[in-house]
Amino acid sequence: MAPTAIQKSWEQRVVTPDVVLSKIEPGMSIFLGTGVVEPRTLIRHLMASDKHNLRDLELIQLVSLGDAIPIDERYAQKYRLKTFFSGWIAHEAITAGRIDLIPCRFSRIPWLFKSGMISVNAAFIQITPPDESGFCSLGPAVDVARQAIERADLVVGAINSKLPFTLGDTLVHVNEIDYFVTSLEPPIYFPRWPFGEDFDKLAANVASMIDDGACISYSIGPLFEALEKHLQDKKDLGIHSFLMTDAVMELMKSGVVTNRRKEFFHGKTVVSYAQGSPELFQWLNCNPLVEFQGLDVVADPRNMAKNDDFIAIVPARKIDLHGRVALHAGKGNVAAGPGEALEHFAGASLSKRGRTIFALPSRNLKGERNIIPSIGNLANQFCDIESLDLVITEYGVASLRGRTIRERALALIDIAHPDDRSQLVTVAKAANILYQDQIYLTETGYLYPSEIAHCHTFKGGLFVSFRAIKPSDEEGMRRLFYRFSDQAVYYRYFSPIKTMPHRRMQEYVNVDYRRTLSIVGIVEEGGVEKIMAEARYVRSDERPYADVAFTIDEQYQGRGIATYLLSLLTDIARKRGIEGFTADVLADNKPMMRVFEKAPFPMKAVVESGIYELTIPFLPKKAENETR
């Protein structure tokens, strides 16, 4: 087949890297393709050349993931690298002063190029081979390449046949490119991250906060690798994220991510970059389900917020008792920096029912605690404590929105490593963060029954999450008490109690899980969690029975919640060797009596002083009759 006019036009501009380098003048600013599409063939020739015109150059790259750009003192006279990301290989060189870091929110970076504030004389980009119409694709990295091409006087396209032809705002016509070179090296591939048991449990807790239809931000690292399997039971998730990864590919293949409930780019996963395996790149080739857009689109919080239930997930390095977060830093890090975290937090705050999550294991690989009294001068700090919502470790979820510093500290201690909690309580008391008389049964940290956490939908579509009570539930239980009517208080406590001070309530929420099991029911109202029910049993010292009691917010009564909680407590009690329940119910508390009467067990009731004293052995009613 004879070559077309378009093909002839660009093929005549295919040159060697040395020809390209001869066009460079001292002092030029050169934009380099980012991440996995770093034009390594061109860069290696630039590094190896001793031409006198290649001096005092300014290289600009958003993220440097490859090894083609040496960052040691040998090349100080030749060029200076500017980057917007302090992770991966750049961190140590930035600290040593050999690389310049430009702090900037990601959504504003395109404007810096478009306005000319960041000067670009030449742009070295990596592209796919042109199609019959003369269009190339930017492949798996879009970011600000479009703005760089528009500002540059010299545009060089490194043609790489192994790049996927991605769709979205990725097309560049051959007429926009001055010279072409042939890329002799493959794209940069990354294997999937390994993860251990702590990240597996952490990911399970993160997944518990993601509802069907949510739109989430995804990244790379052990948390997101582990998260994939824990999302497999979700439906119609959406993705709006900087990165496309192998894990997202698997979620899309399995039908978990459909993007059907998204408003912004409905039906499509929206990203700026892809990073992963050769299999991922092959799958992305001409894939219409993945939309690659520039950072001006993907990083804009207003666009994130167009999707309801947008959930920003950010891996954290450390967090202190005030809620200040240190994000990951150092060589090898590709996680979010403060600027990226701010974009996600803003997007989630504007999204209807949006949530933000900081996730971290309770201890790092060295066994050092990650929940600490103060983050001090640790690098990469996110100090917008007013925006904190959820903090998650493998030991649970701390909901911080709307809580005081004291309440936050207690909630964070609840999800710290059990061996670290006692010291954290001591330090917090010394700093007057916690009450001086604060009770904390640290020995029960290992006994916390996290396995009972689950959700259930009741009449009228009421969605309730259940879990065992924690010390940090003190304020939530206190508020529940003050929502009760006088009658409800009397039904529960058999006396006209008017106040529930800190001293009494903290004794109530600090339980020995070996003897007492307390389950709280939680609903979300306006993005704030509210305890609306509590059920507990306390094991008897004399016999294998337990005394049981219930508290249901009057606003939610009549929906079967008490019946559900009785069944839940019964199942757990039987597994723990308890043979029956006892309960005291006021004679005129007929709704509670009906709850016990519905139970599938015989009930013996003795009335004394207007109180039913109930005994309920865990035997089928028929079997109980046969033993009489």
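Before moving on, here are some points about what is shown:
- Candidate set: the range 446-478, residues that are charged (D, E, K, R) and not in a helix (DSSP H, G or I); chosen: the one nearest to residue 412 (Cα to Cα): 470
- Condition broken by residue 605, with the remaining ones in (1) in a strand (DSSP E or B); (2) touching a Lys or Arg at 6+ places or on another chain (Cβ under 9 Å); (3) among the small types (Gly, Ala, Ser); (4) surrounded by fewer than 17 Cβ atoms within 10 Å (Cβ to Cβ) satisfied: (2)
- Residue within the range 272-290 that is farther than 22 Å from residue 189 by Cβ, modelled with pLDDT of 95 or more and buried (at least 24 other Cβ atoms within 10 Å of the Cβ) present: no
- Residues being surrounded by 18 or more Cβ atoms within 10 Å (Cβ to Cβ), farther than 22 Å from residue 398 by Cα and within 36 Å of the chain's Cα centre (by Cα) - total across the range 529-558: 6
- Among the residues of the range 162-199, those that are acidic (Asp, Glu), more than 30 Å from residue 370 (Cα to Cα) and either touching a strand residue (DSSP E or B) at 6+ places or on another chain (Cβ under 6 Å) or in a helix (DSSP H, G or I) (or both) comprise 176, 178.
- Subset of the range 100-120 (residues that are in contact (Cβ under 8 Å) with a residue 24 or more places away in the chain, within 26 Å of the chain's Cα centre (by Cα) and closer than 11 Å to residue 296 by Cα): 105, 106, 107, 109, 110
- Condition met for residue 542 (charged (D, E, K, R) and assigned to a strand (DSSP E or B)): no
- Taking the range 394-445 as the range and being among the basic types (Lys, Arg), more than 19 Å from the chain's Cα centre (by Cα) and not in a helix (DSSP H, G or I) as the test, only 403 passes.
- Residue check: residue 202 meets all listed conditions (1) in a loop (DSSP other than H, G, I, E, B); (2) of a type in the set (A, V, I, L, M); (3) over 21 Å from residue 253 (Cα atoms) but one, namely (1).
- Only listed residue being touching a residue at least 40 places away in the same chain (Cβ under 8 Å), assigned by TED's automatic domain parsing to the domain that holds residue 567 and of a type in the set (Asp, Glu), chosen from 407, 474, 394: 474
- For the range 415-424, a residue qualifies if it is crowded, with 22+ Cβ neighbours inside 10 Å and either in contact with an Asp or Glu (Cβ under 9 Å, 6 or more places away or on another chain) or not small (Gly, Ala, Ser) (or both), and the qualifying residues are 415, 421, 424.
- Scan the range 498-523 for residues that are farther than 18 Å from residue 592 by Cβ and in contact (Cβ under 8 Å) with a residue 60 or more places away in the chain and the total you get is 11.
- Restricting attention to the range 322-355, the residues that are in a helix (DSSP H, G or I), at pLDDT below 85, small (Gly, Ala, Ser) and within 15 Å of the chain's Cα centre (by Cα) add up to 1.
- In the range 192-206, the count of residues that are small (Gly, Ala, Ser) and surrounded by 18 or more Cβ atoms within 10 Å (Cβ to Cβ) is one or more.
- Test: residue in the range 226-238 that is farther than 30 Å from residue 9 by Cβ, touching a Leu at 6+ places or on another chain (Cβ under 8 Å) and part of a helix (DSSP H, G or I): yes
Okay, residues lined up against (1) small (Gly, Ala, Ser); (2) at pLDDT 90 or above; (3) in contact with a Phe, Trp or Tyr (Cβ under 7 Å, 6 or more places away or on another chain):
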{"residue": "495", "(1), (2), (3)": "yes, no, no"}
{"residue": "507", "(1), (2), (3)": "no, no, no"}
{"residue": "517", "(1), (2), (3)": "no, yes, yes"}
{"residue": "532", "(1), (2), (3)": "no, yes, yes"}
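- Considered as a group, the residues in the range 338-376 that are buried (at least 21 other Cβ atoms within 10 Å of the Cβ) and hydroxyl-bearing (Ser, Thr, Tyr) include one that is farthest from residue 199 (Cα to Cα), and that residue is 351.
The values are calculated or read from the model by the stated rules, or taken from the named source; none is laboratory data. These numbers were taken from a predicted model, which means no experiment stands behind them. All Cβ positions, even for glycine, are placed from backbone atoms using ideal geometry, and neighbour counts span all protein chains on display.
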